[in-house]
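Enquirer: Shown below is the structure under consideration.
The values are calculated or read from the model by the stated rules, or taken from the named source; none is laboratory data. All values derive from a computational prediction rather than experimental measurement. All Cβ positions, glycine included, derive from the backbone under ideal geometry; neighbour counts span all protein chains shown. Accessible surface is based on the protein model in full, side chains and every heavy atom, while ligands, DNA and RNA are left aside. Shrake-Rupley method; radii C 1.70, N 1.55, O 1.52, S 1.80 Å.
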Amino acid sequence: MEKHDGRDTGKVRFDDPWYDALASGWGELDGTGAPAPAVPPAHTEQERRTGGAADVYLEVQRSAAFQEVRSRYRRFVVPGFVVFFTWYVGYVVTATTAPGFMARPVAGAVNVAMVAGLGQFLTTFLFTWAYARHARLRRDRPALDLRWDTQELTRSARGGGR
């Protein structure tokens, strides 16, 4: 186990979501001869009394602000995926079913397949640019506000600044 500086040095926190039970001696004996539990209960007594962070995340997920962020995401991604996937499958299907059409010259040694292939790269970059622009203009600010609110609610649910 790695050693870290700080007040929790030498302790393994089992409520950590990144804790890997299999790498920590899962199935070993607990000293009494009985198998040790894979992961001890993650909730502390204080979390049971206050509801814990899980309730905060459920509350945020049900909020109108979260639903609006998810809705904006879906309104961009679903049509974008349909258009891009159709364009990609259309290119592959045309290349396999109509090789004569794809071999038709456009200008000199450049044929339809080369133009469509370069179009695939171009549309990938355009879609990436449009996605980043959409996220920056329509989702980033509300998502950051939601994240800030969630952190504040989680901190207060845990009983202060832990």
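Enquirer: Find the helices (runs of 4 or more DSSP H) located wholly in the stretch 66-162 whose residues include 3 or more that are open to solvent by less than 40 Å² (accessible area, probe 1.4 Å), and list them.
Expert: Details: elements: 99-102, 112-134, 140-157.
Of the helices (runs of 4 or more DSSP H) lying wholly inside the stretch 66-162, those with at least 3 residues that are open to solvent by less than 40 Å² (accessible area, probe 1.4 Å) span 112-134, 140-157.
Enquirer: Output the qualifying pairs, or none if there are none: Cβ atoms under 9 angstrom, residues six or more apart or on different chains, first residue in the stretch 59-78 and more than 30 Å from THR124 (Cβ to Cβ) and among the β-branched types (Val, Ile, Thr), second residue assigned to a helix (DSSP H, G or I) and at pLDDT below 90.
Expert: VAL60/PHE66; VAL60/LEU146; VAL60/ASP149; VAL60/THR150; VAL60/LEU153
Enquirer: Same structure, new question: Looking only at the stretch 133-160, how many residues end up being over 11 Å from ALA65 (Cβ atoms) and of a type in the set (Ser, Thr, Tyr)?
Expert: Residues in the stretch 133-160 being over 11 Å from ALA65 (Cβ atoms) and of a type in the set (Ser, Thr, Tyr): 2 in total.
Enquirer: I'm checking my understanding of the structure. Among residues of the stretch 92-142 that are among the small types (Gly, Ala, Ser) and farther than 30 Å from PHE76 by Cα, which one is farthest from the chain's Cα centre (by Cα)?
Expert: At the first step, the residues of the stretch 92-142 found to be among the small types (Gly, Ala, Ser) are 95, 98, 100, 103, 107-109, 113, 116-117, 119, 130, 132, 135.
If we keep only those that are farther than 30 Å from PHE76 by Cα as well, we get 98, 100, 103, 107-109.
Values: ALA98: 39, GLY100: 42, ALA103: 41, ALA107: 44, GLY108: 46, ALA109: 44 Å.
Top of the filtered list is GLY108.
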